[in-house]
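Note sheet for the following structure.
The values are calculated or read from the model by the stated rules, or taken from the named source; none is laboratory data. Source: prediction; values computed, not measured. Please note: Cβ atoms are built from the backbone with ideal geometry, for glycine as well, and neighbour counts cover all protein chains shown.
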Amino acid sequence: MDEDKLPVTDHLEELRRRLIKCLLAVLAGFALSYSFSKQLFDLLTWPLMQAMPADGKLIYTSLQEAFITYLKISFFAGIFLAAPVIFYQLWKFVMPGLYANERRYVLPFVIAACAFFLLGASFAFFVAFPFGFRFFLGFTTERIQALPSMKEYLSLCMSLLLAFGITFELPVVMFFLARMGLVDHLMLKRYRKYAILVIAIVAAVLTPPDILSMTLLGIPLYLLFEVSVVVTYLFGKKKAPAMSGEKA
């Protein structure tokens with residue numbers, strides 16, 4: 001009985017070690033980022049400042065809000081800096097279950113995962129943010145003035161950055177699933193209509209409750225699904241042709 005339980009125990013111990021390494025990487029990134037927390041927040045507010053009037057500003061409504069906000073942005077920046085370590089530890093955790101020829105993808109996986117995560121976050125920052133902020137600030141009138149708080153703005157930005165970054169990983173995930181023979185382009189085409197429904201649900205869950213944010217995430221996510229169809233077609237395992245009959 002003990003021998004049967006041992007592999008599970010080893011598996012959990014391996015998971016614990018990987019999580020600890022990820023946490024240490026995030027803490028190191030946090031310590032480095034905190035020294036530049038104010039500059040990071042100024043950078044994060046750039047899309048909003050471009051959309052607001054010249055005298056626009058953010059406010060904080062409690063004495064500790066600014067301090068807590070700087071701590072949070074340092075923590076999120078720590079996650080971004082630790083992303084290569086996190087993806088590497090994730091790969092090392094699942095690697096024992098892969099074949100030897102599949103393990104050589106560790107470096108491409110880390111590079112591709114980081115690149116697509118940054119691509120998603122960049123799309124949110126440079127495309128979705130300016131468009132969305134201009135739309136929402138368009139409701140300002142002589143009697144209505146937008147006074148966004150630091151806490152609410154950070155919460156909105158980080159949720160969107162993480163949502164876009166994670167969802168942009170779809171082609172990377174599909175590539176490795178295709179290489180392992182778990183999915184192919186025919187399967188994705190067959191379930192396209194269900195994928196559209198799932199995309200709408202994911203966009204609704206990962207974004208604030210407004211139709212614009214859902215649309216800004218849903219459209220790129222659908223395009224990424226179509227890219228995944230092409231990726232699985234190009235890099236999926238080719239099935240051996242069926243034998244018409246045995247040789248005499």
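Quick rundown of the values:
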{"read-out": "Residue identified as over 12 Å from LYS151 (Cβ atoms) and small (Gly, Ala, Ser) among SER62, SER33", "value": "SER33"}
{"read-out": "Extreme residue, farthest from the chain's Cα centre (by Cα), among residues of region 170-197 that are closer than 27 Å to PHE135 by Cβ and surrounded by 13 or more Cβ atoms within 10 Å (Cβ to Cβ)", "value": "ILE196"}
{"read-out": "ALA51 vs. criteria in the same structural domain as VAL127 (by TED's automatic domain parsing) and touching a Pro at 6+ places or on another chain (Cβ under 7 Å)", "value": "yes"}
{"read-out": "All positions within region 120-139 that are of a type in the set (Gly, Ala, Ser) and over 20 Å from the mean Cα position of the chain (by Cα)", "value": "GLY138"}
{"read-out": "Selection from region 66-80 of residues that are out of contact with any Ser or Thr (no Cβ under 7 Å at 6 or more places or on another chain) and touching a residue at least 12 places away in the same chain (Cβ under 8 Å)", "value": "ALA66, ILE68, THR69, LEU71, LYS72, PHE75, PHE76, ILE79, PHE80"}
{"read-out": "Hits in region 163-190 - residues which are assigned to a helix (DSSP H, G or I) and touching a Phe, Trp or Tyr at 6+ places or on another chain (Cβ under 8 Å)", "value": "PHE164, GLY165, ILE166, LEU170, PRO171, VAL172, PHE175, PHE176, ALA178, ARG179, HIS185, LEU188"}
{"read-out": "Unmet criterion (only one of (1) over 17 Å from the mean Cα position of the chain (by Cα); (2) surrounded by 15 or more Cβ atoms within 10 Å (Cβ to Cβ); (3) of a type in the set (S, T, N, Q)) for SER228", "value": "(1)"}
{"read-out": "Search result, residues across region 20-45 that are within 12 Å of LEU154 (Cα to Cα) and either loosely packed, with under 14 Cβ neighbours inside 10 Å or not assigned by TED's automatic domain parsing to the domain that holds PHE129 (or both)", "value": "ASP42, LEU43"}
{"read-out": "Set GLU142, GLU152: member being more than 30 Å from LEU12 (Cα to Cα), acidic (Asp, Glu) and in a helix (DSSP H, G or I)", "value": "GLU152"}
{"read-out": "Given (1) assigned to a helix (DSSP H, G or I); (2) of a type in the set (Val, Ile, Thr); (3) at pLDDT below 90, index of the condition THR61 fails", "value": "(1)"}
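This table checks each residue for (1) in contact with a Phe, Trp or Tyr (Cβ under 8 Å, 6 or more places away or on another chain); (2) in a loop (DSSP other than H, G, I, E, B); (3) within 21 Å of THR207 (Cβ to Cβ).
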position: ILE68; (1), (2), (3): no, no, no
position: SER74; (1), (2), (3): yes, no, no
position: ILE86; (1), (2), (3): no, no, no
position: MET95; (1), (2), (3): no, no, no
position: LEU107; (1), (2), (3): no, no, no
position: ALA112; (1), (2), (3): yes, no, no
position: PHE117; (1), (2), (3): yes, no, yes
